[in-house]
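Written below as structure tokens is the structure these notes are about.
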Amino acid sequence: MLTSSMSYISIKPYSYNNQVFSNKFPRPCCIPKMHNISSCKSDFARPWSHGMWRSLSDSISTRNHLLHRFHINALSDEDFKSSRNIAKSIFRRYRNVVDRGGTENLKEFISAGVNAYALGCTEEGLRKELIDMKESGTEIEGLQIHGGGTTVKFKVLYEEVRECMLWLSIVFITILCTPQPTVVRWSSTPPVSDEILQQWKGFCAIIANAYYMRGMAWLPVKTLQLEQMAVMGSAEEPSVVASRMRLVFSTLEVVSPQWPRV
């Protein structure tokens, strides 16, 4: 049973509407039986002022900095020319993880998600792009295996869009649970909807607290299932919860490494 003794990770309200956001989330990330990370907040104070995609084309140096910082080696200029291309890039990397597994493939997906977050993308906008591709019958070319070979094309399925965007939302919310400085978002638009934030902020914050305050890289699955039960009324299967936990820990390792790279 969850205790009433709580600590909180504080997420800074979005700068464009502090009062509204603060009223909705007076205590954003509720952590059962965990230490407090008082500095855990995100800065949205530097939005693009002339529209996201106009700024995208004018921000090559920013993009290159992001690629270097988060080790995004496999993305090309095409991946940044439009929101649709960014959605394709993320979805291709999601499929690559599902089809092939592997830590490096997962971190490529995360890095692409971090890049989308920094450039001001939203889960809703990217979801719409993927659904539009599904409804138009557009096929997406898969990632090429290292060493060459033939790439395959695949159609977008609704259930894959749903799961891919959930992964992306978890990456976005995990970034919100990191202390400064980690990733500056060049937009004042919230990256995820209020509903998704409410569902997953506690889950991600529990893991972030363990990562930063205890130096942990894993948690008991039961702890996270209890959080899901408290927030959503039901818990996912242990294997699914473990995969979600791995996604959060891996995101933290990408954006805020705590140990030297081996």
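This table checks each residue for (1) within 13 Å of the chain's Cα centre (by Cα); (2) surrounded by fewer than 19 Cβ atoms within 10 Å (Cβ to Cβ); (3) in a helix (DSSP H, G or I).
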{"residue": "Arg162", "(1), (2), (3)": "no, yes, yes"}
{"residue": "Thr189", "(1), (2), (3)": "no, yes, no"}
{"residue": "Gln198", "(1), (2), (3)": "no, yes, yes"}
{"residue": "Tyr212", "(1), (2), (3)": "no, no, yes"}
{"residue": "Lys222", "(1), (2), (3)": "no, yes, yes"}
{"residue": "Ala230", "(1), (2), (3)": "no, yes, yes"}
{"residue": "Ala235", "(1), (2), (3)": "no, yes, no"}
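Name the one entry in Ser169, Ser234 that is among the polar types (S, T, N, Q) and either touching an Asp or Glu at 6+ places or on another chain (Cβ under 6 Å) or under 26 Å from Ala118 (Cα atoms) (or both). Break it down into steps so the answer makes sense when it comes.
Numbers: Ser234 fails: either touching an Asp or Glu at 6+ places or on another chain (Cβ under 6 Å) or under 26 Å from Ala118 (Cα atoms) (or both).
After ruling out the rest, the residue left standing is Ser169.
If you check Val241 against the conditions, is it among the aliphatic types (A, V, I, L, M), in contact with a Leu (Cβ under 7 Å, 6 or more places away or on another chain) and touching a residue at least 12 places away in the same chain (Cβ under 8 Å)? I'd like the intermediate steps shown before the answer.
Values: among the aliphatic types (A, V, I, L, M): yes; in contact with a Leu (Cβ under 7 Å, 6 or more places away or on another chain): yes; touching a residue at least 12 places away in the same chain (Cβ under 8 Å): yes.
For Val241, the condition - among the aliphatic types (A, V, I, L, M), in contact with a Leu (Cβ under 7 Å, 6 or more places away or on another chain) and touching a residue at least 12 places away in the same chain (Cβ under 8 Å) - is met.
Going through the range 237-262 one residue at a time, which ones are farther than 15 Å from Cys177 by Cβ and either at pLDDT 95 or above or within 18 Å of the chain's Cα centre (by Cα) (or both)?
Just the residues of the range 237-262 that are farther than 15 Å from Cys177 by Cβ, to begin with: 237-243, 246, 257, 259-262.
Glu237, Pro238, Ser239, Val240, Val241, Ala242, Ser243, Arg246, Pro257, listed by residue number.
Name the single residue, out of those in the range 98-111 being of a type in the set (A, V, I, L, M) and modelled with pLDDT of 95 or more, that is farthest from Val184 (Cα to Cα). Give the derivation first.
Here is the first cut: in the range 98-111, the ones of a type in the set (A, V, I, L, M) are 98, 106, 110.
Right, trim to modelled with pLDDT of 95 or more and you get 106, 110.
On the way: Leu106: 22, Ile110: 16 Å.
By that ranking, first place goes to Leu106.
Does Thr178 fit the bill of being touching a Gly at 6+ places or on another chain (Cβ under 7 Å), within 28 Å of Gly120 (Cα to Cα) and surrounded by 14 or more Cβ atoms within 10 Å (Cβ to Cβ)? Working first, answer last.
Values: touching a Gly at 6+ places or on another chain (Cβ under 7 Å): no; within 28 Å of Gly120 (Cα to Cα): yes; surrounded by 14 or more Cβ atoms within 10 Å (Cβ to Cβ): yes.
Here the answer is no, as Thr178 does not meet what is asked.
Could you give me the residue pairs with C-beta distances under 8 Å whose first residue belongs to the range 101-119 and is buried (at least 18 other Cβ atoms within 10 Å of the Cβ), whose second residue is modelled with pLDDT of 95 or more and not in a helix (DSSP H, G or I) wherever it lies, and which are 6+ apart or on separate chains?
That search, which allows pairs on different chains as well, returns Tyr117/Pro191.
The values are calculated or read from the model by the stated rules, or taken from the named source; none is laboratory data. These numbers come from a predicted model, not from an experiment. Note: ideal-geometry Cβ built from the backbone for every residue, glycine included; neighbour counts use all protein chains shown.
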